[in-house]
Ligand SMILES: [Zn+2]
């Protein structure tokens, strides 16, 4: 019998936040981002009816801020990798 598949504890992959496509780094959440259930925003202690593209509670401004930080992080990582390869 083959050994049972070994499950390595996988670190949850960080999914990129929805990145704004509009001018000014603003997200278009006019459609499909509303829930009747209020829940705590994943970025701040306030509750919200809004949901991000993954269906997680988030304020639009908080998600936009997260997207901005994420892009910054990616740029930094890219820069660090570039520097370490020289
Ligand atoms: Zn928030």
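What follows draws every value from the coordinates through simple rules; no lab data is involved. Just so it is clear, the structure is predicted and the values come from calculations on it, not from any experiment. A quick note on method: Cβ atoms are made from the backbone with ideal geometry, for glycine too, and the neighbour counts reach across all protein chains shown.
Would you check if there is a residue in the range 69-86 being within 16 Å of residue 18 (Cα to Cα), within 15 Å of the ligand (Cβ to nearest atom) and assigned to a helix (DSSP H, G or I)?
The answer is yes, given that some residue of the range 69-86 is within 16 Å of residue 18 (Cα to Cα), within 15 Å of the ligand (Cβ to nearest atom) and assigned to a helix (DSSP H, G or I).
Report, by residue number, each residue of the range 18-47 that is in contact (Cβ under 8 Å) with a residue 12 or more places away in the chain and within 9 Å of the ligand (Cβ to nearest atom).
40, 41, 42, 43, 44, 46
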